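A short reminder: the numbers here are calculations on the coordinates, not readings from a lab. Everything numeric here is computed off the predicted structure, so don't read it as measured data. Reconstructed Cβ throughout: ideal geometry from the backbone, glycine too, with neighbour counts over all protein chains shown.
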């Protein structure tokens, strides 16, 4: 139960209680559950970046650097105009998705 209610978000619980004798057992069970859930406390913790996430971020940075170098090489080449046309078409298509 602690895993379900834990995390970094606040949790709100509503308990439905019935005054009817017919629902006495269900009301007691609901109140017991709510009482046990009320005792759950969460520890506030700063969201820490895992090793996987930091590795992916560094890979993204490396790939972006390589893309910039490739773009510079293409812009300096004889086919710079063709490259710019392809780039514009790609950006336009990407923005429509």
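Annotations for the structure displayed:
- Spin-label pair residue 94-residue 66: with each label point 7 Å from Cα along the Cα-Cβ axis, the two points sit 1.6 nm from one another.
- Ranking of 78, 68, 26 by neighbouring Cβ atoms within 10 Å, starting from the fewest: 78, 68, 26.
- Degrees separating the helix 24-38 axis from the principal Cα axis of the chain, which is the longest one: 50
- Among the listed values [x] 28.5, 87; [y] 17.9, 65; [z] 18.5, 58, the one matching Rg and Dmax of the Cα atoms in Å as calculated from this structure is [x].
- Three-way shape call for segment 51-96 based on the alpha-carbon gyration tensor, with the a/c threshold at 1.5: oblate
- In terms of surrounding Cβ atoms within a 10 Å radius of their Cβ, 58, 30 rank from fewest to most as 58, 30.
- For the chain, the longest principal axis of the alpha carbon atoms and the long axis of helix 51-76 meet at an angle near 20°.
- Contour excess over end-to-end distance, with Cα ends at residue 53 and residue 21 and 0.36 nm allotted per residue: 6.0 nm
- Only helical runs count toward this figure. For the chain, summing -39,500 (n - 2.57) over DSSP H runs of n ≥ 4 and dividing by all residues gives -21000 deg cm²/dmol at 222 nm.
- On Cα atoms only, tilt of 80-96 relative to the major axis of the chain in degrees: 20
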